[in-house]
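Okay, so here's the structure we're looking at.
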């Protein structure tokens, strides 16, 4: 379930019509579309549609694929938007504020963070990558390095998508979110999934809580 929060999108928006209203005809689809649009479009942009007589507006914020309103996502945009959506997933449906940052060169200013940001959000949860737009969607996560004190912090209990929960086919580790956990982010091959090395990767940092 998508439930983590970043910053609030701009209140004044320019809305375009959603080309396929079927993408928003159920509560689950609307929730997914909300995060898809948040990741893909820029602040001040939005998509609108009507379902069962109710008008819905989905606001952009991060801007990883601003051209999406006029054309299909490119493969690179698919991977960036997928990483962003995966970074927002919260298995428990809880609203947990996170700090998102591109692992390498940031494609948009939103994914560039300051030292002050990192002092506040000092707990490295892990990194997310994959492609949710292919015929066979793939979702990956690696685990951030943590001290014993950080591993004991209560916020860890609310963010579990980087934590292996079971093993399938003898060696593939899955989290409860259904993501393939590739191991510690610092290890060679941690950003490889299905034989492919990913460069569209988003690190997620958490703000430690008082116990």
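The values are calculated or read from the model by the stated rules, or taken from the named source; none is laboratory data. For clarity, every value in this text was computed on a predicted model and none was experimentally measured. FYI the Cβ positions are ideal-geometry reconstructions off the backbone, even for glycines, and counts take in every protein chain you see.
Side notes on the structure shown:
- All conditions in (1) at pLDDT 95 or above; (2) more than 12 Å from residue 83 (Cβ to Cβ); (3) touching a strand residue (DSSP E or B) at 6+ places or on another chain (Cβ under 6 Å); (4) surrounded by fewer than 21 Cβ atoms within 10 Å (Cβ to Cβ) hold for residue 166, with the sole exception of (1).
- On inspection, residue 112 passes the criterion of being surrounded by fewer than 20 Cβ atoms within 10 Å (Cβ to Cβ), without any contact (Cβ under 8 Å) to a residue 60 or more places away in the chain, under 22 Å from residue 61 (Cα atoms) and out of contact with any helix residue (DSSP H, G or I) (no Cβ under 6 Å at 6 or more places or on another chain).
- Residues satisfying the stated conditions in segment 169-192, i.e. closer than 19 Å to residue 131 by Cα and either at pLDDT below 95 or in a loop (DSSP other than H, G, I, E, B) (or both): 172, 176, 177, 178, 179, 185, 189, 190, 191
- Flag for residue 113 being assigned to a strand (DSSP E or B) and either modelled with pLDDT of 95 or more or farther than 25 Å from residue 93 by Cα (or both): no
- Which listed residue is surrounded by 12 or more Cβ atoms within 10 Å (Cβ to Cβ) and touching a residue at least 60 places away in the same chain (Cβ under 8 Å), from 192, 172, 160: 160
- Checked against the criterion of being surrounded by fewer than 16 Cβ atoms within 10 Å (Cβ to Cβ) and at pLDDT 95 or above, the candidates 107, 75 yield just one match: 75.
- Flag for residue 97 being surrounded by fewer than 18 Cβ atoms within 10 Å (Cβ to Cβ), more than 23 Å from residue 76 (Cβ to Cβ) and touching a residue at least 60 places away in the same chain (Cβ under 8 Å): yes
- Residue match in segment 54-72 (condition: at pLDDT 95 or above, under 16 Å from the mean Cα position of the chain (by Cα) and more than 30 Å from residue 155 (Cα to Cα)): yes
- Residue 198 vs. criteria surrounded by 17 or more Cβ atoms within 10 Å (Cβ to Cβ), touching a helix residue (DSSP H, G or I) at 6+ places or on another chain (Cβ under 7 Å) and over 20 Å from residue 90 (Cα atoms): yes
- Residue check, residue 129 farther than 27 Å from residue 26 by Cβ, at pLDDT 95 or above, in contact with a helix residue (DSSP H, G or I) (Cβ under 7 Å, 6 or more places away or on another chain) and surrounded by 13 or more Cβ atoms within 10 Å (Cβ to Cβ): yes
- Test: residue in segment 91-109 that is part of a strand (DSSP E or B) and over 15 Å from the mean Cα position of the chain (by Cα): no
- Summed over segment 33-62, the residues that are buried (at least 21 other Cβ atoms within 10 Å of the Cβ) and not in a strand (DSSP E or B) give a count of 8.
- Flag for residue 85 being within 15 Å of residue 203 (Cα to Cα), in contact with a helix residue (DSSP H, G or I) (Cβ under 6 Å, 6 or more places away or on another chain), touching a residue at least 40 places away in the same chain (Cβ under 8 Å) and not in a helix (DSSP H, G or I): no
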